[in-house]
Amino acid sequence: MAVHAQPRATKDLDLFVQPEPENAKAVYAALAKFGAPLDGLKPDDLIAPNSFFRMGNPPQMIEVLPHISGVKFDDAWQRRIEEVIDERSGLKVFVISAEDFVVNKLASARLQDLADVDAVRKAAESQRPKVKKPR
């Protein structure tokens, strides 16, 4: 949200991950290294439709999502945006495109999602160059 419009407080950080066996193993290993509470979770759980992994509590909650409404991972990966999140170190992350963000939010269709769509569209409109009409 913060990349595509005005930042707002959210309850969590969503991590959209590729739902493939090798990637699921890598994500599981990274979660284990991080110290995530993996009781009962298996790498295959990070592939299954309608599955997700959640840790922490709002506003410091993280959700690992192998599937999101309306958007396929491989398509979103092709349209991803690279953002620098720490200028000093040059740390970068990949972020879902505004187009895929809007598609996902419209597919979810919760009130906050629809408000987010409106904010992203207004931000995009405000960034478009203004064309003066001839008199």
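Here are the numbers for the structure shown:
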| quantity | calculated |
| --- | --- |
| Net +/- balance of residues flanking residue 100 in space, Cβ distance below 9 Å, scoring K and R +1, D and E -1 | 0 |
| At R0 = 25 Å, FRET efficiency that the Cβ-Cβ distance of residue 80 and residue 125 yields, to 0.05 | 0.65 |
| Top of 110, 121, 88 by mean-square fluctuation, Gaussian network on the chain, Cα under 10 Å | 88 |
| Chain lengthening between residue 6 and residue 22 when straightened (0.36 nm per residue, less Cα-Cα) | 2.2 nm |
| Degrees separating the helix 98-108 axis from the principal Cα axis of the chain, which is the longest one | 70 |
| Ellipsoid semi-axes in whole angstrom, largest first, where each is sqrt(5λ) of the Cα gyration tensor of the chain | 31, 17, 15 |
| For segment 68-127, convex hull of alpha carbons as volume per residue, Å³ | 97 |
| Rounded FRET efficiency, nearest 0.05, which uses the C-beta distance separating residue 51 from residue 99 and R0 of 25 Å | 0.50 |
| Residue 114-residue 92 FRET efficiency (beta carbon distance; Förster radius 30 Å; 0.05 resolution) | 0.50 |
| Estimated 222 nm signal from helices in the chain, with DSSP H stretches of n ≥ 4 weighted -39500 (n - 2.57), rounded to 500 | -11000 deg cm²/dmol |
| Residue with peak Gaussian network fluctuation, the chain [Cα springs, cutoff 10 Å], from 76, 26, 119 | 26 |
| Taking the chain and dividing mean pair separation by its residue count, relative contact order in percent (alpha carbons under 8 Å, at least six apart) | 24 |
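Every number in this text was worked out from the coordinates using simple rules, so none of it is lab data. Since we're looking at a predicted model, the values are computed, not measured. Every residue, glycine among them, receives a Cβ derived from its backbone with ideal geometry; neighbour counts consider all protein chains shown.
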